[in-house]
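Reviewing the structure listed below.
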Amino acid sequence: MTQRPTLFTLIALLLASLAAAAPAHAERIKDMGQFQGLRANQLTGYGIVVGLAGTGDDSLDYSTLGMKGAVSRFGLTLPPGVNPALKNAAAVMVTAELPPFAKPGQRLDVTVSAIGKAKSLRGGTLVLAPLYGADGQIYAMVQGNLVIGGLGVDAADGSKLTVNVPSSGRIAGGATVERAVDTGFATGDQLTFNLHQFDATNAKRVADVINGALGPGTATMLDGASIAIRTGGSGDQRMRLMSRIENLAVQRAEPPAKVIVNARTGTVVINGAVRVGTAAVTQGKLTVSIKESPTIVQPAPFSRGETAVEQSSEIGVDQEYRPVMLVKPTASLSELVDAINRMGVPPGDLVAILEALSQAGALTAELVII
């Protein structure tokens, strides 16, 4: 029982030190958002993995159809009604991410995942398959040997042992880009910078810093998350301008007061903007214990009595007394942490106290339950 407050105190002191150091730190613009259009694109595809050691899909219909389609590219046509046994093959979904400005010939890492009854893809090879974008166009082709980080073993008596996920793996550099995505970067007379999070104060500070470095009127706020930057010229001039803007330092505004509570794990995170008003808090614990002590009763010798069990129960109620704690208005996270530690409550009870403070209007923060 004595370890909980100690551990919580150490965590709270760490949060308090981080909160105290945050306002004095200036961040680069590149860490606060990204330029519009410079985004990755998701690619997906369907393929067949071959060369498995009897851990494939067997006679799964879409695996059979996929294998027939694969062999048909080489002029081989199976007779009607003949379905190959595919214990050494598996139907898979292939996913990859196409980074911005990717050019034909560049290599991409891909993830391969079984979609059928395959137990393991270890030792398999993905047959040449296309990767499609959201517009239905082919942007890459993929093929290669899989690297599996999992292991699955079945015994004759039905027992199984599985380590990690053997039905999924990766192919490093397995895809080759075949088509580039037009980002529209080289056209237009302005760039748009989008913040990761909506904050009108941060948007204003980013625009002011850009105008201070590049001249008045260069940057204007479109809204609380987007800044328009006047530009022109060739792609080289645009990239040089972006490089200069990304490395400008901005004093980030203090974030909104929030208390994040993970209801499943009992984790509580409090940022440095949280304030608490005057409130009285009490927290107790009621324990009910029932002790059963059955007694065996033996009859007298040579009597006609029977052995019996006599029940004996003892019920106890223990209610831990804790006085009412007065929480005074706090001006910093460290003061709030000290008030919580004086109550000596574990993290699980702390969640209930914070919810009650929020309902009472004494917690100046948004309470977020995840």
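No lab work stands behind these numbers, since they all come straight from the coordinates. Bear in mind that the values here come from a model prediction, so they are computed numbers and not experimental data. Cβ sites come from the backbone with ideal geometry, for glycine too, and all protein chains shown count toward neighbours.
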Quick one: which of 230-242, 136-148 comes out on top by average Cβ neighbours within 10 Å, and what's the full order, highest first?
136-148, 230-242
Quote to one decimal, in nm, the extra length available between Gln298 and Ala273 on full extension: 0.36 nm per residue of separation minus the C-alpha distance between them.
1.8 nm
Stretch gain in nm, segment Gln251-Lys87, where the contour uses 0.36 nm per residue and the Cα spacing is subtracted
53.0 nm
For the pair Thr307 and Thr125, how long in nm is the line joining their label points, each one 7 Å along Cα→Cβ?
7.4 nm
Quick note on Ser243, Ser358, ordering by fewest other C-beta atoms within 10 Å, gives Ser243, Ser358
Arg230 versus Tyr46: modelled label distance in nm, points set 7 Å from Cα along the beta carbon direction
5.3 nm
5 angstrom amide H check on Lys258, placed H, neighbours 5+ away
Asn271, Ala273, Val274, Glu366
Separation between the Arg107 and Ala26 pseudo-spin-labels, each 7 Å from Cα along Cα→Cβ, expressed in nm?
4.2 nm
